[in-house]
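Scroll down for the structure; my scribbles are underneath it.
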Amino acid sequence: MASYTKEPPNCQSDILFIGTTGLRSLAGHPDVEEMYIDLLVPENFGKTDFKEVALYIEVLTAGVNIVPNPVHDTRGEWAIGKNGTWVVTEPSRPATDRLRLKQFNQHLNSGGINGLSIYLGVTGLPTNGAMEFYAYGDAQYVTAVVETKSCKIHMSDFYDGQQLPGFH
């Protein structure tokens with residue numbers, strides 16, 4: 001059964017949250033699962049424009065990688081983690097177990113289905129196997145040089161067909 005925890009457990013974020021996250025099969029693509037993750041803000045930040053919004057994913061399950069989604073266009077700047085730095089790999093977008101997907105000039109919303117939904121592909125998931133990963137986001141305001149970061153969420157025992165609600 002899928003579960004998640006904040007790391008560290010007492011982490012607080014008042015502006016940016018990891019929202020609904022799910023993993024599901026993709027019809028016509030037997031070797032790729034679809035992962036979707038929402039980035040959300042509270043209602044009072046719903047009118048805020050952000051200069052940059054980034055989603056970070058670190059896969060902990062050996063052999064599992066993030067790839068471009070074959071059905072939904074994954075917009076943004078694809079960067080892979082190498083030796084503690086982020087290397088932009090446009091336009092090739094190679095498979096990776098450490099991804100930063102940065103999007104520019106975004107308007108985020110609050111609520112379960114109206115946040116910034118990001119769709120990615122997942123390969124290498126063992127048959128009837130679970131995925132384990134970290135996910136977090138950060139954003140920078142357009143109107144001021146102010147940054148915000150969500151809590152780092154550790155998701156584990158995540159199987160095909162499961163969905164977790166957002167975590168504040």
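General observations
- Only lysine pairs 8 or more places apart, or on different chains, with alpha-carbon atoms under 14 angstrom apart are counted in the chain, and they number 5.
- For the chain, averaging the sequence separation of C-alpha pairs within contact (under 8 Å, six or more residues apart) and dividing by the residue count gives a relative contact order of 39 percent.
- Free of any trypsin sites (Lys or Arg not before Pro) that DSSP assigns to a loop and that have at most 16 other C-beta atoms within 10 Å, the longest stretch within the chain is 76-168.
Each value in this text was obtained by applying a stated rule to the coordinates, not by laboratory testing. Keep in mind the model is a prediction, meaning the values are calculated, not measured. We place every Cβ from the backbone using ideal geometry, glycine too, and count neighbours over all the protein chains shown.
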